[in-house]
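Here the structure comes first, spelled out in structure tokens, and everything after it is commentary.
The values are calculated or read from the model by the stated rules, or taken from the named source; none is laboratory data. Owing to the predicted nature of the structure, the values given are computational and were not obtained by experimental measurement. Please note: Cβ atoms are built from the backbone with ideal geometry, for glycine as well, and neighbour counts cover all protein chains shown. Please note that ligands, DNA and RNA were not included when accessible areas were found on the heavy atoms of the full protein model with its side chains. Shrake-Rupley method; radii C 1.70, N 1.55, O 1.52, S 1.80 Å.
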Amino acid sequence: MAAAPPSLRRLLLLLSLLLVASVAAVAAAVAEEEFTEELLLRPLPDRKALAHFHFRSSAPPSAAAGSHHHVFPKAIAQLVQQFHISELELSFTQGRWNYEQWGGYDPMSTNYAKPPGVELWAAFDLPLDEIDATWKNLTHALSGLFCASINFLESSTAFSAPRWGFKLNEGNLRYGALPREAVCTENLTPWLKLLPCRDKAGIASLLYRPSIYKGYYHSQKLKLTSSQSSGITIDQTLTVVLQPNTFRGQQLHSTDGQLQPSWSMKDLFNRKLSGKCRVSKSSRVFLEIEKDIVDKIDKSGTEASWTNELFALSTAADRVLKELNNMDAQSSFLYEYDVSNYNNDKPLDVGITWKLPVIWSCTPAPYHANRFLMGSGNERGSIALSFRSTNLHKQLFGSSNDCSIKAVVFQVVPWYVKVYYHSLQIFIDGNSKAISEVVDKIHVTPSEDKLLPGTLEMLLRVPCNMESATLSLDFDKGFLHIDEYPPDANQGFDIPSALVTFPEFNSSRSYPETDTLFVSPLLQMFKEDGVVKSYTEVLLVPLTTPDFSMPYNVITFTCTVLALYFGSLLNVLRRRTGEEERELKKAAAKRGLIPLLIAKLRGKKVDPPPQGSPPTPLFSTKLLLKVVFVAVVAVSFHYLSNS
């Protein structure tokens, strides 16, 4: 057989190399890990500013199954593999989201307004009988990873298994909350270590600790999703509400006397943005303007550009995104900045300067939900949940009074608050209503003493024209063992926040994508169907506390008696009466200046000890009587203390 010509062989070799290179490129593209960073800024009506940091790290299935990662945090990948997590969310929050001033009908309040303290929920891809043990191990792992007391959620009295009130699941979800957990830099530092550039470069470099923790609201969250098809995705978000420096520039007074301060990133974070993280695929900054401000701009006859009659931005935006949805209840503008266009010589300092006094409001939730305690004393009380209408349904559905609004209430109550669920009472506009008229569906998990907390999941249907409603439940206060009280027992015990969900209201917002090859995680989150949610306040319940000084008194009294008993007994048993007398006589027989002076002062004559005197017996009758007396006293005290 004739050999192939050299030109043909070179061509085949070149084609094979191209094929191998293309396969490697495709494999590399498929297995590539991605990281994006974004920042959202928004002025708030009450003279504050909202800053939302959004970081996303993703690992494809091939990389997720391996042990080596370039961008994705290895610790998170190990958690997913070890505990078979399909979905997880962990939040550390300080302060409470103001739904009336900062909004309750937008993606920010729906997804990133969290209850105070620590909230953790996770869904597992495991058999139902293995979930509780896996949850306990997961809490210990997260506690060590984030330097927090999450391990307190391992107890069966600290977590619950909601069915549909919190998130629809098949029994594989566990939920727990620690309302009193303090949030500090010890929790933020491990959170930042999961980022590829940490806080040394990129948008995370703006996280100046004194500026972050002096705000009115601070919530850092970690959300993880894992699947066999898409791999692992982790979203790290940090939401803060800050008070701008009101002494910078000219202050403008609105008609109600409030100041509208001008601010920039330098004023909020004490630094400017000098560039992006080198490994980030995209780095963007957004400035959001609410619908009310946009309406005022439209009425003035100008366009919502980066400078207009109401305000002026410090830097011209790269793009201006207008919401695609034309509903009046949710419409806003986004000014987009690409951080890759800035560096140390040309840092980015996005800010807003107000030219005229402006009054606006954020769109609230359909109802403002509040929770409070009723009753007095240390025996019983009542939990009340109130709703106040914001008339949002009139803007969305018109002024029809024949419609109804659904609301889902999810509440976890500790076991020592013994709720009587049959005592549920409902009042609408001050009138008592039958439970069957308002409650469509209810699921109750009664609490068990020192074993399980109580869980209430309830679906309500209220008329649209309702102005106010109140739900009340009676409860008895339980008694704890002295070892179960915390160090600050007199402060009271916390009941975690209740979650109120409005399933018929969607807070999603849709903006046009400017880059067809890349989808912004922040804008993608805005597009997702987000059900409107509201968290209530944390309740502080005072319980009956024992007199903690009594154990101290008993301990000190017992120790004193035992010390006297054993001291006297040992003193009697160890004393040598005859030897002590002989030693005294020997000391007195010594001719020295000091013994003679002492004898002269006492008027005694010192005689030498007699020679050959018989030794004193070791145990005398007097010694035995002392031992018997002490033993009788000890036995009597022991008998009286036990009886």
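Surface listing: Leu39, Leu128 arranged by accessible area from highest to lowest gives Leu128, Leu39, probe 1.4 Å. From the alpha carbon centroid of region 187-250 to that of region 549-565 is 53 Å.
In whole percent, and with a 1.4 Å probe on the protein chains, what portion of the accessible area of region 307-426 is carbon and sulfur? With neighbouring chains kept in place, the figure for region 307-426 is 47 percent.
Using a cutoff of 8 angstrom between alpha carbon atoms and counting only pairs six or more residues apart, the relative contact order for region 367-507 works out to 35 percent.
If packing is taken as the average number of other Cβ atoms within 10 Å across a peptide's residues, how do 158-167, 182-191, 449-458 rank, most packed first? Numbers along the way, then the final one.
Details: 158-167: 19.9, 182-191: 15.5, 449-458: 18.2.
Output ranking for 158-167, 182-191, 449-458: 158-167, 449-458, 182-191.
Centre-to-centre, using Cα atoms only, region 419-474 and region 148-181 are separated by 21 Å. Full extension of the chain between Ser229 and Glu100 gives 42.4 nm of extra length, using 0.36 nm per residue less the Cα-Cα distance. Accessible surface for Ile359 stands near 80 Å², nearest 10, in the context of the full protein assembly shown (1.4 Å probe).
State, as an integer percentage, the relative contact order of region 429-477 based on alpha-carbon contacts under 8 Å between residues 6 or more apart.
Values: 41 pairs, mean separation 18.2, N = 49.
Computed value for region 429-477: 37 percent relative contact order.
In the complete set of protein chains, residue-level accessible area for Cys464 is approximately 0 Å², probe 1.4 angstrom.
On average, how much accessible surface per residue is there in region 470-546, in Å², for a 1.4 Å probe, leaving out ligands, DNA and RNA?
42 Å²
Net charge of the neighbourhood of Ser468, taken over other residues with C-beta under 10 Å away and scored Lys/Arg +1, Asp/Glu -1, is -1. Note on exposure: Asp129, Asp295 ranked by accessible area (1.4 Å probe, complete protein assembly) read Asp129, Asp295, with the most exposed listed first. The H on the amide N of Val532, modeled in the peptide plane, is under 5 Å from the matching H of Phe502, Phe505, Ser507, each at least 5 residues off or on a different chain.
Here the Karplus relation 6.51 cos²θ - 1.76 cosθ + 1.60, evaluated at θ = phi - 60°, turns the backbone of region 142-148 into coupling constants of 5, 4, x, 6, 10, 6, 9 Hz, with x for every Gly and Pro. Enter the accessible area of Lys291 (Å², nearest 10), with the probe set to 1.4 Å and all protein chains included. Per-residue accessible area (Lys291): approximately 50 Å². For the set Lys214/Lys394; Lys136/Lys533; Lys276/Lys527, the pairs lying more than 31 angstrom apart at their alpha carbons are Lys214/Lys394.
Among Phe372, Phe92, the order of accessible area from largest down is Phe372, Phe92, computed with a 1.4 Å probe on protein heavy atoms.
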